[in-house]
Amino acid sequence: MIDLRSDTLTQPTKKMREAIFEATVGDDVYGEDPTINRLEELAAEMLGKEAALFVTSGTQGNQLAVLSYCSPGDEIIVESESHIFFYEGGAISALAGVQPRVVRGIKGEMNPIDVRNAIRSQDIHFPDTSLICLENTHNRSGGSIVSLNNMEAIYQLAQTSSIPVHIDGARLFNAVVASNKKVKDYTQFCDSVQICLSKGLGSPVGSILAGKKEVIQKARKWRKRLGGGMRQAGFLAASGIVSLTEMVERLSEDHEKARRLADAIEDISGLTLVNQPETNIVIVNIEQTYKTNDEFLDLLKKEGILAVSFGEGQIRLTTHYDVSSNDIEQAIQVLKRII
Ligand code: TLP
């Protein structure tokens, strides 16, 4: 099977398996896992933040940020198609007791004026706005890059109102590599950031939440409350270190494959691109094939290609290091054949 469902599907590399095998571990709830400590220090340094926390997943990292900054009854500003709002099972309300204030963005970018207008003024009728969330790259906009200008404008107005900014940077390193910038160019415009080690960076499990010491301390307590204190999880952190030190630059290969896929799809009549991929995600409109998403995905599956449904008449194809250039060529042939 050529699995284009998600970059979460990557298998650990040989180096990761060796690092996992050889890791020195201890009880992380006591703060005694040397490999986790090393990963957290490395991540904090790379992301330009005071402290970092190794967490089970991207969802947990995002939710710990919300729990650490907010109180029940608060309101947080989220983009209408953001993962935190769209895909986290209503966790912000179920866990932190906050309500979303939804701002519609264009390719993941919220207009700073809309964000400013969404911030509540002091009035006993209103909830307090206690967090602004950005997502970069933006998954549902096809891995689009939220520009530094946009981030800076939102961060500045957030600071004026003393509201923290959190980035869901599940794929922030894809933005970094594709834009040829440094990760700190992006993280300078946030108070906390969540990055996933288990997407294009290839680790089997884990994410990082980074920010100010006091916020990460709160997040550590929330992680424990939620049952996320993982004891000898240095085996997982060992792989995370390989992700951060050896897997970042190669993300550009995933972007090239997405570009190749998209270029070929543009020439297949019946298929249209919903986005011009900037990173590793290609969203395809299949309405003109007159097939339902399920029918189309079944046809692909019968030919050995896996993709996911991405809303009405749309499917998502995601590239990663476990799909070769040959696999991409094969996927293109299949797409041509089943139309
Ligand atoms: N997204 C998954 C699905 O949930 C859609 C995927 O396959 O892309 N933030 C962003 C922007 C994400 O895309 C994801 C995963 C997460 C957070 C959550 O990460 P995990 O799966 O580790 O909880």
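Numbers at a glance
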| read-out | value |
| --- | --- |
| The chain: relative contact order in percent, alpha carbon pairs under 8 Å with at least 6 residues between | 25 |
| Amide H within-cut-off set for Val103, under 5 Å, with H built and near neighbours excluded | Val78, Glu79, Ser80 |
| 5 angstrom amide H check on Ile305, placed H, neighbours 5+ away | Ile2 |
| Amide proton proximity set for Glu135, modelled H, under 5 Å, gap of 5+ | Asp168 |
| Whole-Å semi-axes of region 233-310's equivalent ellipsoid (Cα gyration tensor) | 32, 17, 9 |
| Sparsely packed GluC sites (Glu not before Pro) within region 182-264, loop by DSSP, other Cβ within 10 Å at most 14 | Glu249 |
| Cα centre as origin, Lys/Arg/Asp/Glu Cβ charges: region 250-338 dipole, Debye | 120 |
| Exposure rule at most 15 other beta-carbon atoms within 10 Å, DSSP loop chymotrypsin sites (Phe, Trp or Tyr not before Pro): the chain longest free segment | 88-289 |
| Options Met16, Thr272, Gly142, ranked by Cα towards positive dipole end of the chain, top entry (Cβ charges) | Met16 |
| Size of electric dipole in region 168-264: Cβ of Lys, Arg +1 and of Asp, Glu -1, about Cα centre, debye, nearest 20 | 640 |
| Gyration tensor verdict on region 187-245 (Cα atoms; rounded if a/c is under 1.5, prolate if a/b is larger than b/c, oblate otherwise) | oblate |
| Selection from Ala233, Leu317, Ser203 lying farthest towards where the dipole of region 190-339 points positive, charges on Cβ | Ala233 |
| Dipole magnitude of the chain about its Cα centre (Cβ charges: Lys, Arg +1; Asp, Glu -1), debye to nearest 20 | 380 |
| Fewest-first sequence of His125, His320, His255, His166 by Cβ atoms within 10 Å of each Cβ | His125, His255, His320, His166 |
| Scattering profile of the chain at q = 0.07, 0.09, 0.11 Å⁻¹ [log10 I(q)/I(0), Debye over alpha-carbon scatterers] | -0.29, -0.48, -0.72 |
| Separation between Cα centres of region 271-339 and region 178-255, rounded to whole Å | 29 |
| Sparse-neighbourhood loop sites, trypsin sites (Lys or Arg not before Pro) in region 118-195 - DSSP loop, at most 15 other Cβ within 10 angstrom | Lys181, Lys182 |
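All of the numbers you see were taken from the coordinates with simple rules; none came from a lab. Remember, it's a predicted structure, so these values are computed and weren't measured experimentally. Positions of Cβ are backbone-derived with ideal geometry, glycine not excepted, and every protein chain shown enters the neighbour counts.
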